[in-house]
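Note sheet for the following structure.
The values are calculated or read from the model by the stated rules, or taken from the named source; none is laboratory data. Computed from a predicted model, the values in this text were never measured in an experiment. Virtual Cβ from ideal backbone geometry, glycine too; neighbours counted across all protein chains shown. All accessible areas refer to the heavy atoms of the entire protein, side chains included, with ligands and DNA or RNA removed. Shrake-Rupley method; radii C 1.70, N 1.55, O 1.52, S 1.80 Å.
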Amino acid sequence: YDIELLNSALYHKVQNEISLLRGIVHEILADGQAGKEFVKRILDLVEGALAEIKRRRAEQAGRIKQIPSGNYRTVIETISSTAHDISDFINNEMAVLKGEIQYELWDPNENALIRPQLSQLLYQVDLTQAALNELKSINESVHLRHSQFAVKEIFQVWLNTCTIENANIEVKIQDGESMFFGDRQKIRGFIGELVE
């Protein structure tokens, strides 16, 4: 149930971020000082992304209705699979959008009057991608790949590279050979995020 609630909250966040993108594009169109074709292409891409999220979530709801009650694991796997699909698809769309905006910003004479809005749009694309990555990452924990490994393997990256930006990392492992059972990659990723 927590995973369902978390997914729902993150979908709202993603849709809000994309809606903010749409708002910025409408603001540019309202100014009437931009190359309409370029801005309309961006608007079509943003509108298409919102429609695709809605369509894929409706498909997910239809699949969940067909799952027998009590089979919650299948429900969660369906939700997770849809979240991955949506994240991947929309992230690709955002990459295209980002490329279009960066191309327009590249020429200092082109679209000079809307440069601040284009920069704002670019920033909003980054926020949208961050929300999509959050959605994807919470659903990665649904599929755990357990194995047995030595504790020191979790910290291997900092044994090899002991700096992050200006920080030095010192690793002291008391019993690195003791065995642990779990999803090594997820534990590494979690600890990596904490350290960074």
Item to check | Per-bin percent of Cα-Cα distances, the chain [5 Å] | outcome: 1, 7, 13, 14, 12, 11, 12, 11, 9, 6, 3, 1, 1, 0
Next on the checklist: As an exercise, take the mean of 1/r over every pair of distinct alpha carbons in segment 144-196, invert it, and state the Kirkwood radius in angstroms.
Outcome noted: 11.8 Å
Item to check | Under 15 Å from the Cα of LYS172 - aspartates and glutamates, other chains or at least 8 residues apart | outcome: GLU153
Checklist entry - Quick one: helix 115-140 against the long Cα principal axis of the chain, what's the angle to the nearest 10°, folded into 0 to 90? => result 30 degrees
Checklist entry - Considering the alpha-carbon set of segment 124-172 alone, what are its Rg and its Dmax in angstrom? => result 16.0, 42
Checklist entry - Ignoring ligands, DNA and RNA, what accessible area per residue does segment 51-165 give at 1.4 Å, in Å²? => result 58 Å²
Checklist entry - With all protein chains present, how much of the accessible area of the chain (probe radius 1.4 Å) comes from carbon and sulfur, to the nearest whole percent? => result 52 percent
Checklist outcome for this item: Computed over the chain: longest principal axis from alpha-carbon atoms vs helix 2-31 long axis, angle to nearest 10 degrees, is 20 degrees
Checklist outcome for this item: Of 168-178, 59-69, ordering from highest average Cβ density within 10 Å down gives 59-69, 168-178
Checklist entry - Tilt of helix 36-65 relative to the longest C-alpha principal axis of the chain, in degrees (0 to 90, nearest 10)? => result 40 degrees
Next on the checklist: To make sure I understand the rule: partners must be lysines, Cα under 30 Å from the Cα of LYS98, and not fewer than 8 residues away in the same chain. Which ones qualify?
Outcome noted: LYS13, LYS36, LYS40, LYS54, LYS136, LYS186
Checklist entry - Of the peptides 115-122, 153-160, how do they stack up when ordered by the mean number of other Cβ atoms within 10 Å, highest first? => result 115-122, 153-160
